[in-house]
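A.B. asks: Would you mind keeping the following structure in view while I ask a few things?
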Amino acid sequence: MQLHKFIGLTCLTLVIASCSEQQARKPVSHSSGSFMKESIQRNKKLVAKEEDAIAKIIKKDTANAYIASEKGYWYTYEEKSTETTTPIRGDIAYFDYEITDLYGNIIYTKEELKPQTYYVDKQNIMTGLRHGIKLMHKGDKIKFVFTSHMAYGYHGDDDKIGTNQPIICIVTLNDIKKDNSVKTQNP
């Protein structure tokens with residue numbers, strides 16, 4: 001009986017060892033890019049819808065003259081300073097702001113958001129604010145109107161700002177300072 005087990009085990013080992021290598025399998029499905037094309041179309045429709053709503057809001061606000069930025073947002077001066085310096089990369093911008101929806105309903109007050117310290121282009125903040133602050137002068141108070149992709153995008157802020165929500169930020173630039181903590185090297 002022992003001999004039969006030994007021969008059976010030896011045959012089984014030879015059969016397994018003599019099997020050829022496994023062949024790589026081909027992918028079951030091929031991507032046609034249709035998902036990306038559909039996503040692009042959805043986003044274009046969303047942006048067009050938001051821009052349409054913003055255009056209506058701006059048209060109704062006859063008291064202010066809005067400027068369309070190159071980056072895709074609109075702004076108007078509520079208070080314009082006589083200063084000439086704007087923040088540049090590496091400067092520290094001190095500002096206050098509040099956030100409302102397109103219809104003026106307050107989402108976050110200045111008190112909730114507290115005074116902000118922003119290291120220009122070295123800190124991660126909302127895209128629209130990152131661009132908008134760089135065109136402000138010390139003492140300016142500007143109302144920015146941002147589409148959702150310039151604000152918090154499809155994700156929102158996980159609190160009061162929803163998915164794909166355009167917003168208005170009223171920003172006051174209180175001060176601009178050079179960052180003296182960065183040491184410069186002499187050539």
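The values are calculated or read from the model by the stated rules, or taken from the named source; none is laboratory data. Just so we're clear, the structure is a prediction, and the values are computed from it rather than from any experiment. Cβ coordinates were reconstructed from backbone atoms using ideal geometry, including for glycine residues, and neighbour counts include every protein chain displayed. The accessibility values were calculated without ligands, DNA or RNA, using every heavy atom of the protein model including side chains. Shrake-Rupley method; radii C 1.70, N 1.55, O 1.52, S 1.80 Å.
Matching residues to (1) surrounded by 12 or more Cβ atoms within 10 Å (Cβ to Cβ); (2) in a loop (DSSP other than H, G, I, E, B):
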site	(1), (2)
SER81	yes, yes
ASP96	yes, no
ILE107	yes, no
TYR118	yes, no
ASN124	no, yes
LEU129	yes, no
GLY139	yes, yes
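A.B. asks: Name, by its number, the condition in (1) small (Gly, Ala, Ser); (2) modelled with pLDDT under 75; (3) open to solvent by less than 90 Å² (accessible area, probe 1.4 Å) that does not hold for SER20.
C.D. replies: Of everything listed in (1) small (Gly, Ala, Ser); (2) modelled with pLDDT under 75; (3) open to solvent by less than 90 Å² (accessible area, probe 1.4 Å), SER20 misses just condition (3).
A.B. asks: Is it the case, given these coordinates, that ALA55 is part of a helix (DSSP H, G or I), open to solvent by less than 90 Å² (accessible area, probe 1.4 Å) and at pLDDT 95 or above?
C.D. replies: Yes: the conditions hold for ALA55.
A.B. asks: When you look at HIS155, is it out of contact with any strand residue (DSSP E or B) (no Cβ under 9 Å at 6 or more places or on another chain) and either closer than 22 Å to ASN64 by Cβ or open to solvent by 20 Å² or more (accessible area, probe 1.4 Å) (or both), yes or no? Break it down into steps so the answer makes sense when it comes.
C.D. replies: Details: out of contact with any strand residue (DSSP E or B) (no Cβ under 9 Å at 6 or more places or on another chain): yes; either closer than 22 Å to ASN64 by Cβ or open to solvent by 20 Å² or more (accessible area, probe 1.4 Å) (or both): yes.
It is true that HIS155 is out of contact with any strand residue (DSSP E or B) (no Cβ under 9 Å at 6 or more places or on another chain) and either closer than 22 Å to ASN64 by Cβ or open to solvent by 20 Å² or more (accessible area, probe 1.4 Å) (or both).
A.B. asks: Determine whether region 161-172 contains at least one residue that is in contact with a Ser or Thr (Cβ under 9 Å, 6 or more places away or on another chain), part of a helix (DSSP H, G or I), open to solvent by less than 60 Å² (accessible area, probe 1.4 Å) and at pLDDT 95 or above.
C.D. replies: The answer is no, given that none of the residues of region 161-172 is in contact with a Ser or Thr (Cβ under 9 Å, 6 or more places away or on another chain), part of a helix (DSSP H, G or I), open to solvent by less than 60 Å² (accessible area, probe 1.4 Å) and at pLDDT 95 or above.
A.B. asks: Kindly indicate the residue of region 67-79 that is under 23 Å from the mean Cα position of the chain (by Cα) and not β-branched (Val, Ile, Thr) and also most open to solvent (accessible area, probe 1.4 Å) among those meeting that condition.
C.D. replies: Applying the first criterion (under 23 Å from the mean Cα position of the chain (by Cα)) to region 67-79 yields 67-76.
When the remaining residues are screened for being not β-branched (Val, Ile, Thr), the result is 68-75.
Values: ALA68: 72, SER69: 26, GLU70: 187, LYS71: 113, GLY72: 26, TYR73: 5, TRP74: 52, TYR75: 28 Å².
Within region 67-79, the match that is most open to solvent (accessible area, probe 1.4 Å) is GLU70.
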